[in-house]
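To start, the structure itself, in structure tokens.
The values are calculated or read from the model by the stated rules, or taken from the named source; none is laboratory data. Here the structure is a predicted model, which means the values were calculated and not measured. Please note: Cβ atoms are built from the backbone with ideal geometry, for glycine as well, and neighbour counts cover all protein chains shown.
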Amino acid sequence: MKTNIEEIVKKYLEIYPEEKEKLEDLNVLIKDNKNNYDNLFNRKNFKGHITASGYIYCKEEKKLLLLEHKTLKKFLQPGGHVELYDDEMINSAQREIEEETGIKNLNIVNVAVDINIPIDINTHYIPKSEKKNEEEHYHHDFRYLFLVNNIKDIKIDFNESNGYKWIDIEKIKNNPNFIGIADKILNF
């Protein structure tokens, strides 16, 4: 991974300075792993690690694609763990989207000159998983925005998701999993 996470967070906060407090735990993780950069992405780092995901939005129909996460039993945007062979964060999000939906060649929405600056960074709790032999931890999710021209059926990976739906962007505004994101998306 050649992306400089510290630089991404700095540039992100220049766009969204009101989120500084929200990213405090992520900044501690970055500081604590200054000498072990790869540990930021290590899924066995149970202090937390960085993930990547993507919102797939059909602007014309004002609908967002959500997948029902197999383990968490919630409808969420496609995404997952960063692999060290992913050279950029944006590529991690694109890879995860393709693996989970089959969608390729998405239109990336740049929120800044640097394509690796996400539309949102979110820290959320992941419960312990006996099946995966993983302790409870936090994901620091770098969330990107991609546009599609029309709503279409997708080919989900049933190892990761139980199903999918295209949901009206207005319906997620009050969902705790998407606080603030609908307004950010609607600004583009």
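Looking only at residues in segment 103-140 that are out of contact with any Lys or Arg (no Cβ under 9 Å at 6 or more places or on another chain) and in a strand (DSSP E or B), which one is surrounded by the fewest Cβ atoms within 10 Å (Cβ to Cβ)? Applying the filter and picking the extreme gives Tyr125. I need the full set of residues from segment 118-158 which are of a type in the set (S, T, N, Q) and touching an Asp or Glu at 6+ places or on another chain (Cβ under 6 Å), in order please. Asn122, Thr123, listed by residue number.
Yes/no per residue for (1) of a type in the set (Phe, Trp, Tyr); (2) assigned to a helix (DSSP H, G or I); (3) on the phi > 0 side of the Ramachandran plot; (4) crowded, with 17+ Cβ neighbours inside 10 Å:
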| position | (1), (2), (3), (4) |
| --- | --- |
| Asp87 | no, no, no, no |
| Asn91 | no, yes, no, yes |
| Glu96 | no, yes, no, yes |
| Ile151 | no, no, no, no |
| Ile154 | no, no, no, yes |
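Applying the criterion of being within 17 Å of Glu135 (Cα to Cα) and modelled with pLDDT of 90 or more to the residues of segment 49-79, the residue that is surrounded by the fewest Cβ atoms within 10 Å (Cβ to Cβ) is His49. Against the conditions (1) among the β-branched types (Val, Ile, Thr); (2) closer than 25 Å to Lys184 by Cα; (3) not in a helix (DSSP H, G or I), Thr71 satisfies every one except (2). Assess whether Gly163 counts as being outside any helix (DSSP H, G or I) and either within 23 Å of Ile5 (Cβ to Cβ) or touching a helix residue (DSSP H, G or I) at 6+ places or on another chain (Cβ under 9 Å) (or both). When the stated conditions are applied, Gly163 does not pass them. You will find that of Lys59, Lys74, Lys70, the residue that is of a type outside the set (Val, Ile, Thr) and more than 17 Å from the chain's Cα centre (by Cα) is Lys59 and no other.
Being without any contact (Cβ under 8 Å) to a residue 12 or more places away in the chain, within 28 Å of Glu18 (Cβ to Cβ) and not aromatic (Phe, Trp, Tyr) holds for only one residue in Asn116, Asn105, Asn110, Asn133, and it is Asn110.
Residues in segment 1-33 that are surrounded by 16 or more Cβ atoms within 10 Å (Cβ to Cβ) and outside any helix (DSSP H, G or I): 4 in all. Looking across Lys11, Lys34, one residue alone is under 25 Å from Tyr85 (Cα atoms) and at pLDDT 90 or above. It is Lys11.
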